[in-house]
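Beneath this line is the structure, given in structure tokens, with notes to follow.
The values are calculated or read from the model by the stated rules, or taken from the named source; none is laboratory data. Computed from a prediction, not measured in an experiment: that's the story for all the values here. All Cβ positions, even for glycine, are placed from backbone atoms using ideal geometry, and neighbour counts span all protein chains on display. The accessibility values were calculated without ligands, DNA or RNA, using every heavy atom of the protein model including side chains. Shrake-Rupley method; radii C 1.70, N 1.55, O 1.52, S 1.80 Å.
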Amino acid sequence: MPRKTDNGRRPIRLASVVGARPQFIKAAAISRAVERHNASPKNQMIEDILIHTGQHYDNALSGVFFEELRLPVPRFNLGVGSGPQGLQTARMLMRLETVLRRDPPDAVLVHGDTNSTLAGALAAAKLGLPLAHAEAGLRSRNKTMPEEINRILADRLSDWLFCPTTAAVRNLAGEGLRKNVRLVGDVMYDVFLTHRKEAKGRSRILKTLDLQPRRYALATVHRQENTDDPAKLADIILSLGRVAQGRFPVVFPLHPRTRRAMRGIASSVWASPGLLLVDPLPYFDMLALLDGARLVLTDSGGLQKEAAFAGVPCVTLRRETEWTETVRAGRNRLAGTAPARVAAAVSRALRDGRLPPLRLYGRGDAADRIVRILAREIGAH
Ligand code: UD1
């Protein structure tokens, strides 16, 4: 329990709503920053209240991140589990309203673009609670993605818009959102910088999979637009198999949805010798694999950006991205899913080789800035 400050002021109660894998990583950055803030006796204490919606519930997608990143035990776990978009979001909203109403925090913080983000934002806004959005301002301009809808709405409702990049600030300005927009850097970059070395030292994944640094590729696929379309998914797997046969092994950690969707695809497509299908990996193993990879192929938002942090060339298996600066800087190629286009993008990316890390995501202190701003302004809000 947080102590009272010397001046007797009660702690600021900050509730973070999380639910999916990337949000546990982002929340870890905030929790560390809150600890640093609370370590100074002159600061008004912050009570770090974690609310887990239960969107991700497997140990591989949730529990392991809490252990590795030493996240506080969630005060509430709403246990919503999976389901269609509307049902999942509605369940979260109902349960969030109950816990937020019972014991209202001073502010609610949501991260990124998942259904948990949208539900957290809606619940807070409807209850009149001050709302902050970390990773605000990203846009893919593709409204068929649930994530794009979630981000637009969370930004509209938020009282603080914490942007990771100048491109995000520009996107918000283009939509008329200028007030309370703060360029703070990217909290995932904070976590990457903090744990990169530790991950290299602790992870045994390269040994376990018998991989040599710079002689394998790392792939992830979980976007609904790719997994729910069997023809697209088959094209992607075919492309990964070709990289694996022609060049070097491709490590492919399977999101549960992707694993299920692959059951509908002939095994002749994915049973390629160099295609290493593995379970979802903990964060440190992913970091270690990323650091040693020659190439990343992905439809994930987070991994495109992490590849840029690490200086690993990336081929994105989508037609657009919210991390446009990675493309502009020549680090990321938007290939879509057609095998010929993916193959061409892979060849070009391999010609680029290793690149210097892209330094467009702040100084590794985004979470500290967020916490500092919230601590200063919550009382005044
Ligand atoms: C969500 C986010 C996405 C984020 C991703 C990170 C939305 C709309 N999307 O997608 O922005 O990049 O998380 O992983 O919120 N499942 C399990 N075990 C689990 C969790 C999920 O088996 O622990 C299965 C569910 O049955 C579900 C499928 O995976 O059918 C997808 O889960 P879902 O919660 O819809 O979101 P993600 O696709 O993971």
Could you check how many residues of the range 144-167 are within 16 Å of the ligand (Cβ to nearest atom) and modelled with pLDDT of 95 or more?
-> 11
Is it the case that the range 281-295 has a residue that's surrounded by fewer than 22 Cβ atoms within 10 Å (Cβ to Cβ) and of a type in the set (Gly, Ala, Ser)?
-> yes
Has the range 233-247 got at least one residue that is in contact (Cβ under 8 Å) with a residue 12 or more places away in the chain, among the aliphatic types (A, V, I, L, M) and surrounded by fewer than 21 Cβ atoms within 10 Å (Cβ to Cβ)?
-> yes
Considering only helices (runs of 4 or more DSSP H) fully contained in the range 20-111, which possess at least 2 residues that are under 17 Å from Leu374 (Cβ atoms)?
-> 21-38
For Pro22, state whether it is open to solvent by 40 Å² or more (accessible area, probe 1.4 Å), within 16 Å of the chain's Cα centre (by Cα), closer than 19 Å to Gly120 by Cα and not aromatic (Phe, Trp, Tyr).
-> yes
Can we say Leu118 is out of contact with any Gly (no Cβ under 9 Å at 6 or more places or on another chain), of a type in the set (A, V, I, L, M, F, W, C) and within 16 Å of the ligand (Cβ to nearest atom)?
-> yes
Being part of a helix (DSSP H, G or I), away from the ligand (no atom under 16 Å from the Cβ) and either free of Cβ contacts under 8 Å to residues at least 24 places away in the same chain or in contact with a strand residue (DSSP E or B) (Cβ under 8 Å, 6 or more places away or on another chain) (or both), is that true of even one residue in the range 274-287?
-> no
Please specify each residue of the range 243-261 satisfying the condition of being in a helix (DSSP H, G or I), more than 13 Å from the ligand (Cβ to nearest atom) and aliphatic (A, V, I, L, M).
-> Val243, Ala244
Sort out which residues of the range 34-73 are more than 16 Å from the ligand (Cβ to nearest atom) and touching a His at 6+ places or on another chain (Cβ under 7 Å), and write them in order of number.
-> Asn43, Ile46
Going through the range 87-133 in order, the residues found to be open to solvent by less than 10 Å² (accessible area, probe 1.4 Å) and hydroxyl-bearing (Ser, Thr, Tyr) are Ser116, Thr117
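Matching residues to (1) closer than 29 Å to Pro230 by Cα; (2) open to solvent by 30 Å² or more (accessible area, probe 1.4 Å); (3) not assigned by TED's automatic domain parsing to the domain that holds Pro249:
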| site | (1), (2), (3) |
| --- | --- |
| Cys314 | yes, no, no |
| Glu322 | yes, no, no |
| Arg328 | no, yes, no |
| Asn332 | yes, no, no |
| Ala335 | yes, no, no |
| Arg341 | yes, yes, no |
| Ala366 | no, no, yes |
Tally, over the range 336-381, of residues that are without any contact (Cβ under 8 Å) to a residue 24 or more places away in the chain and aliphatic (A, V, I, L, M) = 3
